[in-house]
1. Which one of these is touching a residue at least 24 places away in the same chain (Cβ under 8 Å) and within 14 Å of another protein chain (Cβ to nearest Cβ): B:M166, B:M236?
2. Are any of the residues in segment A:243-251 over 21 Å from A:L207 (Cβ atoms) and crowded, with 19+ Cβ neighbours inside 10 Å?
3. Quick check: is even one residue across segment A:59-71 within 30 Å of A:K173 (Cβ to Cβ), in contact with a strand residue (DSSP E or B) (Cβ under 7 Å, 6 or more places away or on another chain), assigned to a helix (DSSP H, G or I) and open to solvent by 40 Å² or more (accessible area, probe 1.4 Å)?
4. Picking from A:A201, A:A191, A:A166, which residue would you name as being among the aliphatic types (A, V, I, L, M) and in contact with a helix residue (DSSP H, G or I) (Cβ under 6 Å, 6 or more places away or on another chain)?
5. Kindly check whether there is at least one residue in segment B:169-177 that is part of a loop (DSSP other than H, G, I, E, B), away from chain A (no Cβ under 14 Å) and within 22 Å of the chain's Cα centre (by Cα).
6. Hand me the list of helices (runs of 4 or more DSSP H) wholly inside segment A:90-190 holding 3 or more residues that are of a type in the set (A, V, I, L, M, F, W, C) and modelled with pLDDT under 95.
7. Taking segment B:56-91 on its own, how many of its residues are more than 9 Å from chain A (Cβ to nearest Cβ) and open to solvent by 30 Å² or more (accessible area, probe 1.4 Å)?
8. Which condition number does B:H141 fail, the rest of (1) open to solvent by less than 50 Å² (accessible area, probe 1.4 Å); (2) away from every other protein chain (no Cβ under 14 Å); (3) without any contact (Cβ under 8 Å) to a residue 12 or more places away in the chain being met?
Amino acid sequence: MKDGRFLTLGIETSCDETAASVVADGRFVMSNVISSQIDIHTAYGGVVPEIASRKHLERINDVIGKALEDACVSAKDIDLIGVTCGPGLVGALLIGVAAAKAMAYACDIPLVGVNHMHGHIAANYLEHKELEPPFMALIVSGGHTEIVNVPDYNKCEKLGGTRDDAAGEAFDKVARVIGLGYPGGPKIDRAAKEGDPDSIAFKRVYLEQGSLDFSFSGLKTQALNYLNQERQAGREIDVNNVAASFQEAVVEVIADKAVMAAERYGQKQIVMAGGVASNSRLRALMEEKAGRKGIKVLKPSPVLCTDNGAMIASAAYYAYRSGVKPDLELDAVPGLEF
Amino acid sequence: MKVLAIETTGKYGSASVIDNGGHVFSASSSEEMNHLRGMITLIDEAIHEAGITKDELTHVAASVGPGSFTGIRIGVTTARIMSQMLDIPCIAVSTLEAMAVRALDKAISAGALYVVPVINARRHQTYAGVYEAVFTSDCEHQSAIPVMEEKQYMIEDLLSELQTRMAEHSGAVAFFTGDGIDAYADIIKSTMTEGSYAFADEDLRYQHAEAVARIALGKAAAGETLTYNGLMPEYMRLAEAEQRLRAGTLSDRIRFPAK
């Protein structure tokens, strides 16, 4: 406690960002330190789990130290530690979990494990101070494309998800074949602004009538086939047009299904989360489609869309308040479900 | 001094606390690869056994490898954060040296000149070192002096270098320890001459924090300490993708590992 505020330290190491943050009363970001490894993994064209684990270990102390320092607090002011315990890369997760446990033990602070996906949703509590459940959540990232009903704090019901590639994964793969490189999401977003989304007819994959699931692997194959066909015909490939058309095919389906889910469950607001929630076209299309149905769309600012410790702290705060018991035998669970 | 030592590089985790008098208090896991879940409980038990509180610790030591990459990281991360939060220095202890020290008494009573800790790194590979068992001038204490570099060896290369060295001392015996015995006993038996080798019994064969604590106490007394950022794993091997990147053979399989 400091100045009468309940302080939570959030720690996040599930993929390639080493992050820690201090959040007051579950809502106010006092510090948010994110040490990205993107420069290292770019040489490999994607995240290499073993290297990610090694880098997390080297950086975790200073990231936690800086989070405390930036918030002008010391470890003894912290009331609760929250750490991502899954889903994610197991070797990466366990650095955060081991660090959180050691700190919790050394400083006598309660520790709770946080589902990374709950964290992404909680990013919205930091951005929108008035937001309270119930709402529909749309999570789109490098590893996830999910529609989740959130009836209450710390309650999440997954309604649909991807059956193959996540949206961000599809972006990465297509970006690679058209030579935009890694990370694909932001690069496709930028290129698409210069292209025509109607220039190439990529299929919209809606699956069975009423399904809230996604499938993006066919789209990736379609993009590959298109590129081969154009190359064989000796035609020049307009990278911007491919990016725009591909992106449109992905985000249109996502937006349609998110709005369908909100309507089906009578939710008046949709919150967006995850790295791909920063995609400018997805944001615009969501507002357009949801707006037509009188549904409000909330989204965190881009810094809270990427993996960060603040969202984990917020989720930990609400989990602890709703009775989740502190646990020093916490394990890392790479395939943790909602 | 009260030094906490953490050992998580092998199958079973353990934690020990050692005091100035060399008294060791330990807790060991009986569950395989339970390092992440069990470590804090083991540390707390060892501290409790020692009759102290965690605030009385003066140093925290970790067995830094070689061994299981994941195991190494759990122990080193735990030690680094405890060091930072309790504001006490760290000590790095070589896992192979700790294994040699653990087997030393038995090796000497078996008449061995050399102690050879061998960690199985699969496909005939090992992490190993060779130590000479020597007595201090008062003949009361023995210590393990490194005589061959700790590094990755193919088991065949290790044995051949060891035999060359042993040829200079007729009748010398090498005392093997570590899970390398479990993997390569047949190769060792068929390569070494009869009577020139012995194997550590299973109760002393595997990593344990007690030996880490004994080495750490000496290092603490000698001032060989580190800040938390100085405590680093000793993997002895680059990540596979890094090896391939350097060799120019990075494949798509590495670029996009299966989830």
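The values are calculated or read from the model by the stated rules, or taken from the named source; none is laboratory data. Note that this is a predicted model, so its numbers are computed, not measured. Note that each Cβ is placed from the backbone with ideal geometry, even for glycine, and that neighbours are counted across all protein chains shown. In case anyone asks, the SASA skips ligands and DNA or RNA and just uses the protein heavy atoms, side chains included. Shrake-Rupley method; radii C 1.70, N 1.55, O 1.52, S 1.80 Å.
1. Values: B:M166 fails: within 14 Å of another protein chain (Cβ to nearest Cβ).
Just a single option satisfies the conditions, and that option is B:M236.
2. Looking only at segment A:243-251, we keep the residues that are over 21 Å from A:L207 (Cβ atoms), and these are A:243-244.
Then drop every residue that is not crowded, with 19+ Cβ neighbours inside 10 Å, which leaves A:243-244.
Checked against the condition, which is being over 21 Å from A:L207 (Cβ atoms) and crowded, with 19+ Cβ neighbours inside 10 Å, segment A:243-251 yields at least one hit.
3. Within segment A:59-71, one or more residues are within 30 Å of A:K173 (Cβ to Cβ), in contact with a strand residue (DSSP E or B) (Cβ under 7 Å, 6 or more places away or on another chain), assigned to a helix (DSSP H, G or I) and open to solvent by 40 Å² or more (accessible area, probe 1.4 Å).
4. Numbers: A:A201 fails: in contact with a helix residue (DSSP H, G or I) (Cβ under 6 Å, 6 or more places away or on another chain); A:A166 fails: in contact with a helix residue (DSSP H, G or I) (Cβ under 6 Å, 6 or more places away or on another chain).
Answer to the check: A:A191.
5. To start, the set of residues in segment B:169-177 that are part of a loop (DSSP other than H, G, I, E, B) comprises B:169-173.
This time we only want the ones that are away from chain A (no Cβ under 14 Å), so: B:169-173.
Filter once more, so that each one left must be within 22 Å of the chain's Cα centre (by Cα): B:173.
Scanning segment B:169-177 turns up at least one residue that is part of a loop (DSSP other than H, G, I, E, B), away from chain A (no Cβ under 14 Å) and within 22 Å of the chain's Cα centre (by Cα).
6. On the way: elements: A:90-107, A:116-127, A:167-177.
Here the list reads A:167-177.
7. Final tally of qualifying residues: 5.
8. Answer for B:H141: the failing condition is (1).
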